[in-house]
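Undergrad: The structure that follows is given in the form of structure tokens.
The values are calculated or read from the model by the stated rules, or taken from the named source; none is laboratory data. This one's a predicted model, so the numbers in the text were calculated from it and none came from an experiment. We place every Cβ from the backbone using ideal geometry, glycine too, and count neighbours over all the protein chains shown.
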Amino acid sequence: MSDTPSPASYLLRGTAAGNTLRLIGMDATRVVEDARLRHDLSKTATAALGRTLTASALLAVVLGKRSDSRVTVRVEGGGSIGWIVAEGSADGQIRGYVRRPHADLPLRESDGKLDVSGIVGRDGELAVTRLLDNGEPYTGSIHLTSGEIAEDISTYLGVSEQIPNAVLLGVYEEGERVTHAGGLLVQAMPGASDETLARLEANVRAIGQITDRLRRGGLMHVMELATEGLGLTLAPGAQAARFECRCSRERASDSLKFFSPTERQEMIDDGGQEIVCHWCGEHYQITPEEIAALDAPVERARA
């Protein structure tokens, strides 16, 4: 197995059937491999988080009103992984984590595939949070359909957002590395004919496992197969996507303000405090001097 880093992840956009179908595709290989490394994920946890990370990026494009719009997807189905949280931005910034990164299950006996629905569970919900036009957060949710993520995302779009759609998501691992990951979201726009929708449904059904198609021909191949006979028009250029967190040393230090002065003094006496960002796994070692400085403005105000 090669140690060469995966190519950068990216998003492609397009239309088909006389602009009555909108397509957003993503090669998420690098993003998902970064997540696996950051969180030390098991194989099945990698697939579960990887699909959710990809979905969050696709939803940010479909549901976002601005170039920096963010969408948060939370999945909690009662399975051994606990919860899954992913945040995608329309500008390609993605981050996420799971409750239990080492949770795993044997391959399914029925088809030899990773048991994502088993590790996620089906007794729970999928919730999507986004900002409305007035800047207020809105959360819509559905009861989990399958726990496989793609079908659940598709159901959410159809039920909560009234968007006819098709969603494909997948993660493929070889050895200890993610070699192919990605997704495709096709949105039916006003004016899409019954014939167009029937052809789209047949095309998507014929694709089968998206990872098989990604391995054979890449993301563009998947988009062409989905729109066969429907006239795909690809938007110029690809948009870079990356696993990137908004955490920082300053934010980590500021989080200690929520502790009492007595608790902060105990941290100082212990030689400092380590803060770990749950979103990305970054470790910040906050020094005693930095902790002491948090109370300095209060002391000056009292002087």
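Undergrad: Regarding segment 110-127, can at least one residue be identified that is buried (at least 20 other Cβ atoms within 10 Å of the Cβ), closer than 25 Å to ILE24 by Cα and in contact with a Phe, Trp or Tyr (Cβ under 7 Å, 6 or more places away or on another chain)?
TA: yes
Undergrad: Would you be able to say whether some residue in segment 274-290 is acidic (Asp, Glu), surrounded by 12 or more Cβ atoms within 10 Å (Cβ to Cβ), modelled with pLDDT under 95 and over 36 Å from the mean Cα position of the chain (by Cα)?
TA: No, that holds for no residue.
Undergrad: Also, I was wondering about something else. Among the residues that make up segment 61-68, is at least one of them buried (at least 24 other Cβ atoms within 10 Å of the Cβ) and either aromatic (Phe, Trp, Tyr) or touching a helix residue (DSSP H, G or I) at 6+ places or on another chain (Cβ under 9 Å) (or both)?
TA: No - not one qualifying residue is present in segment 61-68.
Undergrad: Go through segment 146-184 residue by residue and tally those that are without any contact (Cβ under 8 Å) to a residue 12 or more places away in the chain and in a loop (DSSP other than H, G, I, E, B).
TA: Residues that pass the stated criteria total 1.
Undergrad: Could you tell me whether segment 7-18 includes any residue that is of a type in the set (A, V, I, L, M, F, W, C), part of a strand (DSSP E or B) and surrounded by fewer than 22 Cβ atoms within 10 Å (Cβ to Cβ)?
TA: Yes, segment 7-18 contains a residue that is of a type in the set (A, V, I, L, M, F, W, C), part of a strand (DSSP E or B) and surrounded by fewer than 22 Cβ atoms within 10 Å (Cβ to Cβ).
Undergrad: Now a separate question. Scan segment 199-221 and report the pairs whose first residue is under 14 Å from ALA150 (Cα atoms) and whose second residue is crowded, with 19+ Cβ neighbours inside 10 Å and hydroxyl-bearing (Ser, Thr, Tyr), with Cβ atoms within less than 9 Å and a gap of 6+ or a chain change.
TA: GLN209/TYR172; THR211/TYR172
Undergrad: What number of residues in segment 70-90 are of a type in the set (Asp, Glu) and touching a residue at least 60 places away in the same chain (Cβ under 8 Å)?
TA: Result for segment 70-90: 1.
Undergrad: Counting only residues that are crowded, with 17+ Cβ neighbours inside 10 Å and in a loop (DSSP other than H, G, I, E, B), which one in segment 128-145 is modelled with the highest pLDDT?
TA: Ranking the qualifying residues of segment 128-145, first place goes to LEU144.
Undergrad: Let me ask something additional. Please list, ordered by first then second residue, the pairs with beta carbon atoms under 9 Å, 6 or more apart or interchain, first in segment 16-45 and at positive phi, second of a type in the set (A, V, I, L, M) and surrounded by 24 or more Cβ atoms within 10 Å (Cβ to Cβ).
TA: That search, which allows pairs on different chains as well, returns ALA17/LEU200.
Undergrad: Among LEU230, LEU214, which is at pLDDT 95 or above, closer than 18 Å to PRO7 by Cα and buried (at least 16 other Cβ atoms within 10 Å of the Cβ)?
TA: Only one candidate passes the filter, namely LEU214.
Undergrad: Any residue in segment 161-182 that is exposed (fewer than 15 other Cβ atoms within 10 Å of the Cβ) and closer than 21 Å to GLY208 by Cα?
TA: yes
Undergrad: Cβ-Cβ below 6 Å, separation at least six or inter-chain, first residue in segment 94-113 and touching a residue at least 12 places away in the same chain (Cβ under 8 Å) and part of a loop (DSSP other than H, G, I, E, B), second among the hydroxyl-bearing types (Ser, Thr, Tyr) and surrounded by 12 or more Cβ atoms within 10 Å (Cβ to Cβ): which pairs?
TA: HIS102/SER42; ALA103/SER80; ASP104/SER42; ASP104/THR44; LEU105/THR44
Undergrad: Continuing with this model, one more query. Give the residues of segment 217-261 that are assigned to a helix (DSSP H, G or I) and within 27 Å of CYS280 (Cβ to Cβ), sorted by residue number.
TA: LEU219, ARG249, GLU250, ARG251, ALA252, SER253, ASP254, SER255, LEU256, LYS257, PHE258
Undergrad: Now, a different point. Looking at VAL71, is it touching a helix residue (DSSP H, G or I) at 6+ places or on another chain (Cβ under 7 Å) and at pLDDT 95 or above?
TA: yes
Undergrad: Is it true that THR155 is within 23 Å of CYS277 (Cβ to Cβ), surrounded by 15 or more Cβ atoms within 10 Å (Cβ to Cβ) and in the same structural domain as LEU225 (by TED's automatic domain parsing)?
TA: no
Undergrad: Please work out if GLU201 is assigned by TED's automatic domain parsing to the domain that holds LEU58, under 25 Å from the mean Cα position of the chain (by Cα) and over 30 Å from GLU289 (Cβ atoms).
TA: When the stated conditions are applied, GLU201 passes them.
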